[in-house]
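Working notes for the structure below.
The values are calculated or read from the model by the stated rules, or taken from the named source; none is laboratory data. Source: prediction; values computed, not measured. Please note: Cβ atoms are built from the backbone with ideal geometry, for glycine as well, and neighbour counts cover all protein chains shown.
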Amino acid sequence: MKIGFIGLGNMGAPMAHNLLKAGHAVNVFDLSAQAVQALVDAGAKAAASPKAAVADVECVITMLPAAAHVRSVLTADDGVLAGIAPGVSIVDSSTIDPASVKAFAELAQQRGNTFIDAPVSGGTGGAAAGTLTFMVGGSASAYEKVKPVLSAMGRNIVHCGDTGTGQVAKICNNLVLGITMAGVAEAMSLGEALGIDVKVLAGIINTSTGRCWSSDAYNPMPGVMDSAPSSREYSGGFGTDLMLKDLGLATDAARFARQPVYLGALAQQLYQTMSAKGAGRLDFSAVIKLYRSETPKDTAKDTAKDTSNGDAR
């Protein structure tokens with residue numbers, strides 16, 4: 001297929017690479033010329049605008065930081081809706097609020113297009129490996145139409161229900177993630193303070209009832225996992241500001257539904273503290289710095305601006 005891909009951040013870039021590997025022709029657009037060039041070097045075609053990226057394509061995929069970016073990409077004079085042909089599906093893999101999804105779906109429908117929310121989980125590693133989980137909101141027919149494209153980027157393609165339910169699944173998942181990361185950070189820091197070898201502690205947690213993704217795949221304690229951002233000064237992962245955004249989406253949705261989120265609200269304050277102290281670009285697992293009496297500030301020499309959606313998780 002010929003696909004337009006907009007948003008080449010930490011998640012979007014490897015996703016677009018996997019579409020190329022699967023044999024699709026991909027037009028790409030991003031504000032970062034470096035990110036675009038990397039995809040062009042891999043076989044993609046650069047586009048000068050979102051409008052140009054969707055010319056004569058069969059599917060459009062967007063992977064952007066927030067709802068405001070999605071709206072701009074869709075509705076600007078040189079945006080997607082100004083250049084897309086009727087009948088072409090628009091798949092948004094950003095993490096945004098369900099209400100915005102429904103509003104964007106209405107705008108797309110007015111142009112004769114279907115807007116599908118398909119946020120992802122699996123992190124940057126899953127994006128690179130093509131093993132992401134896609135949580136898809138839309139009609140059954142819309143889901144079946146885009147499933148083959150999503151399968152080139154993910155291993156688990158799940159139809160969650162009507163438009164917006166993919167985002168419901170995603171914000172609930174990231175609510176759990178933000179809470180468990182803070183819990184693992186707290187426990188690992190306590191163990192360190194009490195004198196146990198942190199690798200031994202991590203091994204026990206990961207073979208016991210405390211095991212979770214935050215402990216066994218993304219441990220926040222430096223030196224425990226070579227592959228985790230904690231072993232590279234918390235760079236190149238899922239930014240603290242993006243986790244803060246996702247927790248904000250969850251608490252806003254909870255307020256609308258009159259549903260309490262006690263731990264979610266506390267976790268939101270922890271990541272808000274990190275952001276206020278200048279650590280918003282660090283990976284969200286850097287929340288452990290609050291427990292280890294470290295200054296939670298972005299001290300990486302060249303921390304790339306995280307333009308991925310979120311979550312990434």
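Observations on the structure shown:
- Residue in region 195-202 that is crowded, with 24+ Cβ neighbours inside 10 Å and acidic (D, E) present: no
- If the condition is being modelled with pLDDT of 95 or more and small (G, A, S), then region 255-277 contributes G264, A265, A267, S275, A276.
- Count - residues of region 261-273 that are within 14 Å of D246 (Cβ to Cβ) and assigned to a helix (DSSP H, G or I): 7
- A residue that is at pLDDT below 95, buried (at least 24 other Cβ atoms within 10 Å of the Cβ) and touching a helix residue (DSSP H, G or I) at 6+ places or on another chain (Cβ under 6 Å) can be found somewhere in region 230-242.
- Set S189, S121: member being under 20 Å from S214 (Cα atoms), in contact (Cβ under 8 Å) with a residue 12 or more places away in the chain and outside the structural domain of V54 (by TED's automatic domain parsing): S189
- When region 243-260 is limited to residues that are of a type in the set (A, V, I, L, M, F, W, C) and surrounded by fewer than 19 Cβ atoms within 10 Å (Cβ to Cβ), the one that is nearest to S275 (Cα to Cα) turns out to be A254.
- Within region 86-153, helices (runs of 4 or more DSSP H) holding 1 or more residues that are modelled with pLDDT under 95: 98-110, 123-129
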